[in-house]
1. Show me the strands (runs of 3 or more DSSP E) found entirely inside the stretch 190-259 where at least 1 residues are open to solvent by 30 Å² or more (accessible area, probe 1.4 Å) and under 17 Å from ASP174 (Cα atoms).
2. Please determine whether any residue of the stretch 43-52 is free of Cβ contacts under 8 Å to residues at least 24 places away in the same chain, in contact with a strand residue (DSSP E or B) (Cβ under 9 Å, 6 or more places away or on another chain) and surrounded by 13 or more Cβ atoms within 10 Å (Cβ to Cβ).
3. Under 9 Å by Cβ, and 6 or more places apart or on different chains, what pairs join a residue from the stretch 110-124 that is closer than 9 Å to VAL95 by Cβ and open to solvent by 20 Å² or more (accessible area, probe 1.4 Å) with one that is basic (Lys, Arg) and part of a loop (DSSP other than H, G, I, E, B)?
4. Are there any pairs, at least 6 apart or on different chains, whose C-beta atoms fall under 7 Å, with the first in the stretch 142-165 and under 23 Å from SER47 (Cβ atoms) and open to solvent by 70 Å² or more (accessible area, probe 1.4 Å) and the second at pLDDT below 90 and not in a strand (DSSP E or B), and if so, which?
5. When the stretch 189-231 is examined, which residues are found to be under 22 Å from VAL27 (Cβ atoms) and among the hydroxyl-bearing types (Ser, Thr, Tyr)?
6. Which number in (1) of a type outside the set (A, V, I, L, M); (2) more than 19 Å from VAL45 (Cα to Cα); (3) open to solvent by 50 Å² or more (accessible area, probe 1.4 Å) marks the one condition that GLN73 misses?
7. Could you check the stretch 177-188 and list, in sequence order, the residues that are within 25 Å of MET25 (Cβ to Cβ), surrounded by fewer than 19 Cβ atoms within 10 Å (Cβ to Cβ) and in contact (Cβ under 8 Å) with a residue 12 or more places away in the chain?
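The values are calculated or read from the model by the stated rules, or taken from the named source; none is laboratory data. Remember, it's a predicted structure, so these values are computed and weren't measured experimentally. Note that each Cβ is placed from the backbone with ideal geometry, even for glycine, and that neighbours are counted across all protein chains shown. What goes into the accessible areas is simple: the full protein's heavy atoms, side chains included, and nothing from ligands, DNA or RNA. Shrake-Rupley method; radii C 1.70, N 1.55, O 1.52, S 1.80 Å.
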Amino acid sequence: MTPLESATRILNEFRPDILVAPPSMLVMLAAERKSSRLHAFPTRVISVAEVLDPADEVQIADAFGAPVHQIYQCTEGLLAATCEKGSLHVLEDSVALQYEPVGGDATRVGPIVTDLRRRTQPIIRYRLNDILALEQSPCACGSGFQRIARIEGRQDDLLYFANAEGGMRPFFPDVLRRTVLLASESITDYEVIQERPGALRVHFAVGPKSALACVEESLRASVAEILRQYGCTASSVDVIEGLPARRPDEKRRRVRRTG
């Protein structure tokens with residue numbers, strides 16, 4: 001909630017070794033670092049509270065010269081943290097997670113949480129609406145704890161489009177993220193919003209001297225192609241330059257369904 005200018009000044013005075021913030025704030029601080037307004041040199045950067053977009057991770061790591069670790073935590077408990085090798089592991093000595101397939105895709109699951117240590121507020125088989133992609137290969141760190149390949153968002157943010165059979169097919173947030181980012185290298189930020197099944201609104205921002213018409217055309221073509229690959233159609237696709245307003249205390253969700 002601290003304004004960026006004040007946060008930069010405080011960090012310059014404190015010079016922390018560890019920097020913990022939501023990725024939306026880390027991206028802003030990375031820009032401050034690149035512009036030489038931020039002089040802090042943390043040796044560890046940790047992303048919390050929001051989904052860490054791969055493009056943001058690259059930008060943050062490049063600015064600070066340090067890998068971006070994650071902490072996956074919620075009211076229901078501390079669920080996972082990044083190991084020394086960069087893998088996000090479920091903390092199975094503190095929580096037990098069971099996994100349910102999401103949207104008919106066995107590679108994406110929703111966690112059911114049982115906290116093994118909490119005494120004052122028991123959490124027993126509590127279903128979260130998060131979407132996780134699990135990693136099956138072992139980790140180089142030697143831990144046998146389950147690895148999470150990606151935290152993709154919320155099950156509330158599955159998007160739906162009509163298929164050839166007359167039904168509605170779910171699309172995972174990660175599919176839309178990759179669709180937008182691969183559409184044009186000029187895109188610096190984006191938000192994808194679905195207000196009703198079949199409709200899509202894509203907000204985007206671009207760097208200076210980018211050809212807006214070309215980016216809009218590429219976005220429309222990219223969305224049409226991914227829908228075609230899955231045998232689906234959209235009732236409407238609106239492509240809008242500029243991001244929607246967001247409250248300072250509102251978590252960043254780049255792909256979301258509002259209706």
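1. 199-206, 255-257
2. There is no residue in the stretch 43-52 that is free of Cβ contacts under 8 Å to residues at least 24 places away in the same chain, in contact with a strand residue (DSSP E or B) (Cβ under 9 Å, 6 or more places away or on another chain) and surrounded by 13 or more Cβ atoms within 10 Å (Cβ to Cβ).
3. Here the result reads THR114/ARG125, each pair linking the stretch 110-124 to a residue that is basic (Lys, Arg) and part of a loop (DSSP other than H, G, I, E, B).
4. Final answer for the pair search is ARG150/ASP174.
5. TYR190, SER210
6. Every condition holds for GLN73 apart from (2).
7. Correct list: LEU181, SER186, THR188.
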